[in-house]
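**Q** The following block contains the structure, expressed as structure tokens.
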Amino acid sequence: MKLKLINVLAIVGIALSSVTVNADDVVSSPVVSPVVLGNSNSFIPAKFTKEGKPMLTFTSFNRGNGTAEIKAVDASIESVADITVQPVANSMYEASAGQKWLNMHWEKVVRDTLNSDNIKEILEQKKYYVLAYYANYSEHSEGPVYGNEETSYEMLPSGTMVIKNFIYEVSNTGCWVEVTCSGKCDVDYTTEVFFENSEYNNSPVIGMPFIDYDQGSTSARNITLTQTLFNDDADFEYLCPIYGDAIINGSDPSYINYERLLDFGYFAYECGVYEKQITPGGIVGFSIKNQAGQDIQTVRFDNSYKATDLSFLSLIVIGGKTYLSCSVKGDDASYSLLYEINNTNSSVKQVGAFKTGVHPTLVSRGENVMVDFEDADNSQVSVAVTDLTGKVMYRKNVDPAAGSLAIPSETMAEGMNIVSVYGDNQLQNSTKIIVK
């Protein structure tokens, strides 16, 4: 029997159609539902519920605090479960932009008036060049600041480079002054933030498309909750992603020029605009959690495999066995990791890691999807394409010695398709392809 999806709006509509409403009556729905508009709806197949009846689930995601709310209802739209899933580590996206100042404090300052008639020779002799421009607020003067790479800077123990010597012209008067720091030089920082944003990009709940090869059916919606998939109790279970170390794009900028000379004892060293982003570092595994949010099992991928987004996982039934199929990347290649589920001891076990070559995963009409065969141990390879209803759109047996197979996108349904590769009658890869 193929899986059937229940349209909650249709159910509500049927219930409402039995209510007689007069013009003066206050209209109210006889159905009390926890359903919130805008949430993503999914389902729990009867195969994975305690009473053997399908359920609907509705999942909402709060980007501000990273939590997800999952509501499960039965066929009567009666609430069965209401679960709050906490955010997972390293899943927050952060961005900031602004200006950063290095403020220098000189303990002792020496100022010498220079002979303006010899200023050209002094500049050439000391190999001075224009370091930056400054504004002397007390004299309301502006002009270039000259310095030398070898003598004008000091490296502090902290690794910060600060200026300690320069010359400048006072208010375009022809009077030149050399300024030198002859004592201790301290620094502090001031940051002016233009933009800050912190939010969670992805839900802490993994949704799984369900592909039942035994029944020849595929779900049009993802599964977020199950009851008897991982064990046989009445509580619900769900999957959460595990993110690797965060990736930092951009960094504190290099200081580029002096903008202000407030007085001869305090300087502000202004940088340009900086941008910094911290993003999740890829999914490196998943955890199976019970209804209370406790870990039943934690699975981490081997060999530095990583998934790029939450659509990496599918639930597969074939030959009476149930598997989690994970599409990951590693070593500049794609792989399918298969985990067999044993619900008698609440565990999953990796049973295969197959190198895959199904690409691209997003195609337009007129383009081909390529399937590369890299496992020479198979005597024969079979490739099948199904749409979301489970209908077989394409099937072909291929000699793996051929190296690859081109599947025209015209043979596929618009939207999501599943490309399955079998080697010696065993499923080795299941890849989602989008045809636009």
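What follows is calculated from the coordinates using simple rules that are stated; it is not laboratory data. Everything numeric in this text was worked out from a predicted model, so none of it was measured. With ideal geometry, Cβ positions are generated from the backbone for all residues, glycine too; neighbour counts draw on all protein chains shown.
**Q** On a full-extension model of 0.36 nm per residue, what is the gain between LYS321 and ASN65, subtracting their alpha-carbon distance, rounded to one decimal in nm?
**A** Length gained, LYS321 through ASN65: 88.4 nm.
**Q** Moving on to the next point. Mind jotting down the distance between the C-alpha centroids of the range 379-436 and the range 308-358, whole Å?
**A** Using only Cα atoms to place each centre, the spacing works out to 17 Å.
**Q** Once you order the gyration tensor axes a ≥ b ≥ c over the Cα atoms, which shape class does the range 283-436 get: rounded for a/c under 1.5, otherwise prolate or oblate by comparing a/b with b/c?
**A** Prolate, since a/c reaches 1.5 and a/b exceeds b/c.
**Q** For the peptides 404-410, 428-434, what is the packing order when you average, over each peptide's residues, the other Cβ atoms within 10 Å and list the highest mean first?
**A** The most tightly packed comes first, giving 428-434, 404-410.
**Q** Assign one of three labels to the range 148-198, namely rounded, prolate or oblate, based on the Cα gyration tensor with a ≥ b ≥ c the square roots of its eigenvalues; rounded applies when a/c is under 1.5, prolate when it is not and a/b is larger than b/c, and oblate otherwise.
**A** oblate
**Q** Applying the Karplus parametrisation 6.51 cos²θ - 1.76 cosθ + 1.60 with θ = phi - 60° to the phi angles of the range 68-80, what ³J(HN,Hα) value in whole Hz is obtained for each residue in order, glycine and proline being reported as x?
**A** Residue by residue, the range 68-80 yields 10, 10, 10, 10, 10, 10, 8, 5, 8, 6, 8, 5, 10 Hz.
**Q** Once fully extended, how much extra length lies between ASN345 and ASP214, figured as 0.36 nm per residue of separation less the alpha-carbon to alpha-carbon distance?
**A** Contour length minus the Cα-Cα distance gives 44.8 nm.
**Q** Determine ³J(HN,Hα), in whole Hz, for all residues of the range 154-168 in sequence, where each value follows from phi through the Karplus function 6.51 cos²θ - 1.76 cosθ + 1.60 and θ = phi - 60°; x replaces Gly and Pro.
**A** Going residue by residue, I get 9, 8, 7, x, 6, x, 7, 8, 10, 7, 10, 7, 6, 10, 7 Hz, with x marking Gly and Pro.
**Q** What FRET efficiency, computed as 1/(1 + (r/R0)^6) with R0 = 56 Å and r the Cβ-Cβ distance, is obtained for SER364 and PHE195, rounded to the nearest 0.05?
**A** With a Förster radius of 56 Å, E is 0.95.
**Q** Related question: Using a 10 Å cut-off around each Cβ, can you sort TYR394, TYR129, TYR243 from fewest to most neighbouring Cβ atoms?
**A** TYR129, TYR394, TYR243
**Q** Then there is this: Separation between the THR173 and ALA89 pseudo-spin-labels, each 7 Å from Cα along Cα→Cβ, expressed in nm?
**A** In this crude spin-label approximation the distance works out to 6.4 nm.
**Q** What ranking do GLU94, GLU192 get, fewest neighbouring Cβ atoms within 10 angstrom at the top?
**A** In order of increasing Cβ crowding within 10 Å: GLU192, GLU94.
**Q** With respect to the cross-link table entries LYS391/LYS432; LYS355/LYS436; LYS329/LYS436; LYS306/LYS391; LYS47/LYS432; LYS100/LYS276, which display a Cα-Cα separation exceeding 19 Å?
**A** In this structure, LYS355/LYS436; LYS329/LYS436; LYS306/LYS391; LYS47/LYS432 lie more than 19 Å apart at Cα.
**Q** Another one. Please work out how much length the chain gains when fully extended from ASP235 to THR298, using 0.36 nm per residue of separation minus the C-alpha to C-alpha distance, in nm with one decimal.
**A** 20.8 nm
**Q** Compute the FRET efficiency between GLN277 and ASN148 as 1/(1 + (r/R0)^6), taking r as their Cβ-Cβ distance and R0 = 30 Å, and round to the nearest 0.05.
**A** Efficiency at R0 = 30 Å is approximately 0.20.
**Q** Over its Cα atoms, what ratio of radius of gyration to 2.2 N^0.38 Å does the range 46-99 give?
**A** So the range 46-99 has a normalised radius of gyration of 1.68.
**Q** Taking the Cα centre of the range 280-357 as origin, work out the dipole magnitude from +1 charges on Lys and Arg Cβ and -1 charges on Asp and Glu Cβ, in debye rounded to 20.
**A** For the range 280-357, the charge dipole is close to 120 debye.
**Q** Also, I was wondering about something else. Fewest Cβ neighbours within 10 Å first, please rank LEU114, LEU362 accordingly.
**A** Ranking LEU114, LEU362 by Cβ neighbours within 10 Å, fewest first, gives LEU362, LEU114.
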